């Protein structure tokens, strides 16, 4: 794990704690910090969040986070020892809503499609007619115990029928 990934994870944890415990804005809905993307020089951080609720609740939550941006940045800078506090941008993570919508569409397709016909299992194979199969693989020069005659098994390669 690179340093950028470790810093991003630390910022994600701290931002989550700050938003849930420190901010008292009534516009905040049920917010979850899903991910943080850091620039390679650690000066910029995109914090992705998701909100449960309607479009109006999402808009209000985005406004509340944008208004508390300086406060959140200051607390993150105090709690994480970095030379420079990263500039923060909040972005809404829409992947959860997209996955819910995809699941709904798949369920609708499943309900609309007719059930597939049940295929009958293949009948079990009948027992082989003729000599029983030996319980072990016979080798050249080894007696075939099933035949019991003491004759060495003939190699198929060397003794092909003409």
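No value in this document is a laboratory result; all are computed from the given coordinates. Bear in mind that the values here come from a model prediction, so they are computed numbers and not experimental data.
Express as a percent, rounded to the nearest 5, the fraction of DSSP beta bridges in region 3-96 (both residues included) that run antiparallel.
Values: 8 of 14 bridges.
Percentage antiparallel, nearest 5: 55.
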- line: With the 8 Å Cα cutoff and a minimum separation of six or more residues, region 3-96 has a relative contact order in percent of 32 percent
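Quote to one decimal, in nm, the extra length available between residue 67 and residue 102 on full extension: 0.36 nm per residue of separation minus the C-alpha distance between them.
Extra length from residue 67 to residue 102 when fully extended: 9.3 nm.
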query: On full extension of the chain, what length is gained from residue 32 through residue 78, given 0.36 nm per residue of separation minus the C-alpha to C-alpha distance?
result: 14.4 nm
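Full extension from residue 87 to residue 46: what is 0.36 nm times the residue separation minus their Cα-Cα distance, to one decimal in nm?
On the way: separation 41, 0.36 × 41 = 14.76 nm, distance 0.84 nm.
Going from the current span to full extension adds 13.9 nm.
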